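Each remark here refers to the structure printed beneath this line.
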C-alpha cells in the first residue's frame, strides 16, 4: 500500500499529492428524493473523519458510495487520485452489525476470503490478539460470540487486507455503552498502529468528538437551504483526547445546535 | 445416546453454560450475550426429556406387541392382519441372503437415483436461483413436471428404457429432484443480502460468491430438501419395483400380494419403514455435523 502511493507519486512528480480518498458527489437520489447534493469530502492518510447527522440524512449512503457498494450516483470517488468504480482494495469496510459468516470459524472469518492456512492463519491470529481476543477464540463459531466480541472480529477482518482507509458505518451503535467506549479506544489504537485513515459514520456526538480529527455535519438534502448540504467542523486538540476534556462541552454545544437546525428544518417540512 | 445426552443438556442449561463460558472467555471486557432473545429461543428446537425419546423409539415395538396379542386373541382376523411373529417368521424363512439381496437392491437404486436427482437439482436450482432469466424460462415447466404423479412416469420410462435398471433409477431421480430443486432455489434466493454485500466488498467473482457465500448460506434449506428428497426416493423406488422387477422390496411386496402372502407384504412394509427411518437418521446426522455452526439448534459437541 505504501508502495502503491509511492508509485503514483513517481508517475506524477508534482508536489501536490492527491488525498488518500476524494469523494465528490454531485447528486444522489432515491427515486425523486434527493439524498446527497454537491458534497465533497477528502481524507488525508491517517486522518479520522466522523460523519455526523440525523438518521435519513444520507451519511450511510455516503459511506456506501465511498466503499464502492453504491454506484448509482453522479460524481466520482478517487483513491490516491485514481477514480474508483466499485470497491477499492485500499478500503476496509466495517458495518453496523458484525456480518460474520456463521459457517466459518472466527479465524476463518478474519482471513475471509482467503482460507485459514499458513501465513493467513498466522496473520488472523495476530489480528485477533490485536483486537483483544485470545488465540483460542479463533476456533469458535460466531454464534458463541457476544456482540462486542463479534464486532472486534469484524474489525480484525477489516484490517486483514491492510487497508489504507477504514470505512465504518455506525460500528458501535449496537453494543452497550461500556463496550462502545472500549471499542472506540480500540479503534483509535488500531488507527494509530496501522496508520490507516478512517471515515466513521455515527449519530453519536460524543463518539464523533472522541474519535475524529474532523467532524462533517450532514444536513438532509433539500432542507431549508437547498445547498450546500454539509458543514465541516474541525475538532481541536490532538488525539488521543480524554473523555473528560472540558473543551468538549463547547464542541458538543456547537454540534447540537447544528443538529437542531436540521431537526427544525425537517420538522417544518413535515 | 448417553453420550449425546451429556453433550447436549437441556436448552436452559446449555445456555447457562454457554454464558458462563463466554464470560470466562471475555473476562477482560465486553458484556457477553447472556440472554438469548425470545424469538431466537423460540426457534431453538427444545429437546424432549430422555425418557420421552426412549418411549418414542419403543412405541412401534409396543404397537406390534399389541397387534400380536389382538391377533392371537382373534380380535383381528389373521388373514387380513398377520401376527407380527408370523411376519418375522416369514421373513426368516425367506432367508437372510434373499432378504439382504432385496434390501441391497432397493437401497442401491435409491442411492443411485437420489444421488443423480439431488446433484442435478442442486445444479439446476442454483442456476435458477442465481439467474432470474433462467428462472423465468424454466419455472413454469418445472412446476408442471412436478405435478405429474410418480406412477404416470412408469410406462413412459419402461417404453424408453426397457425393463433394466435405468428406468428405475431414473424414476427415483425424478422423485428426488423436485424437493431438492425447490429447496436449493429458495435457499439461494433467501440468502441475507448483507452477506452477499460482503462478497461485493471483497470483489468475489460470481463463482466464488456462490461457493463461499451463497451455497453455505443456503445449506440449511438444502438439507431440508435433501431429507424430503430421500423420503420421496423410497416411495418412488417401490413404485418402480412394483411394476417390473425381479428383486427389491417393491418386488417382494408385489410378489407377496400375487402369491397371497400378507405376512410377506407386511414384512416388506416394515422393512421399508425401517430403511426409510435409518437413511433419514443418517442424513440428519450428516446435517447436524455439516450445520454445526447454526445458531438455531441446541449446541453440538463442540466446546
Seminar exercise, completed: Scanning the range A:133-157 for residues that are crowded, with 23+ Cβ neighbours inside 10 Å and assigned to a loop (DSSP other than H, G, I, E, B) gives A:133, A:145
Problem set entry | Selection status of residue A:71, within 14 Å of chain B (Cβ to nearest Cβ) and outside any loop (DSSP other than H, G, I, E, B) | no
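Restrict the check to the range B:275-284 and report whether at least one residue is at pLDDT below 90, out of contact with any helix residue (DSSP H, G or I) (no Cβ under 9 Å at 6 or more places or on another chain) and surrounded by fewer than 19 Cβ atoms within 10 Å (Cβ to Cβ). Quick ask: steps written out before the conclusion?
Let us first name the residues in the range B:275-284 that are at pLDDT below 90, namely none.
No.
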Seminar exercise, completed: With the first residue restricted to the range A:56-71 and required to be on the phi > 0 side of the Ramachandran plot, and the second required to be assigned to a helix (DSSP H, G or I) and surrounded by fewer than 19 Cβ atoms within 10 Å (Cβ to Cβ), Cβ contacts under 9 Å at 6 or more apart or on different chains are A:56/A:266; A:68/B:200
Problem set entry | Looking only at the range B:187-198, and only at residues there that are under 22 Å from the mean Cα position of the chain (by Cα) and buried (at least 19 other Cβ atoms within 10 Å of the Cβ), the one that is farthest from the other protein chains (Cβ to nearest Cβ) | B:188
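Would you be able to tell me the number of residues in the range A:112-128 that are within 22 Å of the chain's Cα centre (by Cα) and at pLDDT 90 or above?
In the first step, residues of the range A:112-128 are kept if they are within 22 Å of the chain's Cα centre (by Cα); the result is A:112-113, A:124, A:127-128.
Now narrow it down to the ones that are at pLDDT 90 or above: A:124, A:127-128.
Counting residues in the range A:112-128 that are within 22 Å of the chain's Cα centre (by Cα) and at pLDDT 90 or above gives 3.
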Exercise. Residue B:201: at pLDDT 90 or above, within 30 Å of residue A:95 (Cα to Cα), within 14 Å of chain A (Cβ to nearest Cβ) and surrounded by 21 or more Cβ atoms within 10 Å (Cβ to Cβ), yes or no?
Worked result: yes
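Give the residue that is surrounded by the most Cβ atoms within 10 Å (Cβ to Cβ), with candidates limited to residues of the range B:264-274 that are closer than 27 Å to residue B:179 by Cα and in contact with a helix residue (DSSP H, G or I) (Cβ under 9 Å, 6 or more places away or on another chain). Full working, then the answer.
Our first condition is that a residue be closer than 27 Å to residue B:179 by Cα; within the range B:264-274, this holds for B:268-274.
Narrowing further to those that are in contact with a helix residue (DSSP H, G or I) (Cβ under 9 Å, 6 or more places away or on another chain): B:268-273.
Working: B:268: 28, B:269: 16, B:270: 16, B:271: 19, B:272: 20, B:273: 12.
In this case the residue turns out to be B:268.
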Problem set entry | Filter pass, residue A:99 being assigned to a loop (DSSP other than H, G, I, E, B), within 14 Å of another protein chain (Cβ to nearest Cβ) and modelled with pLDDT under 90 | no
Exercise. Among A:201, A:191, which is assigned to a strand (DSSP E or B), more than 14 Å from chain B (Cβ to nearest Cβ), at pLDDT 85 or above and closer than 27 Å to residue A:77 by Cα?
Worked result: A:201
Exercise. Has the range B:240-263 got any residue that is surrounded by fewer than 17 Cβ atoms within 10 Å (Cβ to Cβ), free of Cβ contacts under 8 Å to residues at least 40 places away in the same chain, within 28 Å of the chain's Cα centre (by Cα) and not in a helix (DSSP H, G or I)?
Worked result: yes
For this session: Can you tell me which residue within the range A:169-188, out of those that are within 8 Å of chain B (Cβ to nearest Cβ) and part of a loop (DSSP other than H, G, I, E, B), is surrounded by the most Cβ atoms within 10 Å (Cβ to Cβ)?
Result: A:175
Exercise. Looking only at the range A:176-196, which residues are within 14 Å of residue A:150 (Cα to Cα) and out of contact with any helix residue (DSSP H, G or I) (no Cβ under 9 Å at 6 or more places or on another chain)?
Worked result: none
Seminar exercise, completed: Screening A:81, A:58, A:92, A:31 for residues that are more than 14 Å from every other protein chain (Cβ to nearest Cβ) and touching a helix residue (DSSP H, G or I) at 6+ places or on another chain (Cβ under 8 Å) leaves only A:81
Problem set entry | Residues of the range A:158-168 satisfying the condition of being in a loop (DSSP other than H, G, I, E, B) and either more than 13 Å from chain B (Cβ to nearest Cβ) or in contact with a helix residue (DSSP H, G or I) (Cβ under 7 Å, 6 or more places away or on another chain) (or both) | A:162, A:164
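The values are calculated or read from the model by the stated rules, or taken from the named source; none is laboratory data. Remember, predicted model here, so these are calculated numbers, not experimental data. Cβ coordinates were reconstructed from backbone atoms using ideal geometry, including for glycine residues, and neighbour counts include every protein chain displayed.
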